[in-house]
Amino acid sequence: YSAASLMYLFRKQRDGFGLTYFTDELKFFTDAKSTKSHYYRLIGELDQLLKAHSLKGNRKTNFPRIIKDFVDKIHRRSLVIIFSDMLNFSESYTKDLFDSMQYLRYKKNEVVLFHVYYNETEKMFDFSNQPYTFSDLESNNKIKLNPINYKDDYSKLFIEFQKELELKCHQYKIDYVPSPVEEGFHKILLSYLNKRSKLF
């Protein structure tokens, strides 16, 4: 919904826009255009993505791996808007992630990162006091545990990661926008667009 809203704004301004989504490879990419037919095509793609979320199956993602292919396809000095949970707690992945974001900026692109997460569960690890089975949606690995025993450690790790992510974004001059899903896309986009009103 956020991506669709932004595309609508860009079209109203007669600015070109494209859409990309990926797993561990680029799955869909379009050049930037501002035509009505292009807009409706991308809205259709987003609609299909929403429907695909109800399908079972693993979807491995690898942002650092695909970013060079993506950057090579777009014009220099593009505005790149990213929606991602950025979740992967591997230390090597985190370094590769920051390197790839630096590469985006090195190519003179303006970058905005909407960091999407569920505040209650993904950040605060707030579950009732009982055993749960957690499934990794990318690898399908499962683990059974009582979240109450790990809540403090998990929350600390997440908050540290988020602070590091925000710090790196500031270092690379990337706009970092925390985007808790519970707040809805209206509030997140409105606060951000007010901040960057000179663009619209």
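The values are calculated or read from the model by the stated rules, or taken from the named source; none is laboratory data. Just so we're clear, the structure is a prediction, and the values are computed from it rather than from any experiment. When we count neighbours, we look across all protein chains shown, and the Cβ atoms used for this are built from the backbone with ideal geometry, even at glycine. We work out accessible area using only protein heavy atoms, side chains counted, and drop any ligands, DNA or RNA first. Shrake-Rupley method; radii C 1.70, N 1.55, O 1.52, S 1.80 Å.
Annotations
- The calculated FRET efficiency for the pair Ser5 and Lys95, based on their C-beta separation and a Förster distance of 35 Å, comes to about 0.60.
- Assigned charges on the beta-carbon of Lys, Arg, Asp, Glu; the chain dipole about Cα centre (debye): 1000 debye
- Applying 1/(1 + (r/R0)^6) with R0 = 22 Å to the Cβ-Cβ distance of Leu79 and Glu25 gives a FRET efficiency near 0.40.
- Taking trypsin sites (Lys or Arg not before Pro) as exposed when DSSP calls them loop and at most 13 other C-beta atoms lie within 10 angstrom, the chain has its longest site-free stretch at 109-172.
- Segment Thr121..Phe161, full-extension length gain: 12.8 nm, with 0.36 nm per residue of separation and the alpha-carbon distance subtracted.
- Expressed as a fraction of 2.2 N^0.38 Å, the value expected for a compact globular protein of N residues, the C-alpha radius of gyration of region 29-142 is 1.29.
- Contact order, relative form, for region 18-128: 25 percent (alpha carbon pairs under 8 Å, 6 or more residues apart, mean separation divided by residue count).
- Contour excess over end-to-end distance, with Cα ends at Leu50 and Gln171 and 0.36 nm allotted per residue: 40.2 nm
- Computed in the context of the full set of protein chains, the accessible area of the chain at 1.4 Å probe radius has 51% of its extent on carbon or sulfur.
- Translational D in µm²/s for the chain (Stokes-Einstein at 10 °C, 1.306 mPa s, Kirkwood Rh from C-alpha pairs): 86 µm²/s
- Placing Asp47, Asp72 in order of accessible area, with the largest value first and a 1.4 Å probe, yields Asp72, Asp47.
- Other-chain or far-sequence residues with amide H under 5 Å of Phe17's (modelled H): Lys33, Ser34
- Entry for region 131-179 at q = 0.14, 0.24, 0.25, 0.29 Å⁻¹: log10 I(q)/I(0) = -0.55, -0.90, -0.91, -1.00, Debye formula applied to identical alpha-carbon scatterers, no solvent contribution.
- Taking all protein chains into account, the per residue accessible area for the chain stands at 65 Å² (1.4 Å probe).
- Mean residue ellipticity (222 nm) of the chain, computed from DSSP H runs ≥ 4 via -39,500 (n - 2.57), nearest 500: -14500 deg cm²/dmol
- Rg in Å to one decimal, and Dmax rounded to a whole Å, for region 81-188 via C-alpha atoms: 15.4, 49
- Rounded to the nearest 10 Å², the accessible area of Glu122 at probe 1.4 Å: 50 Å²
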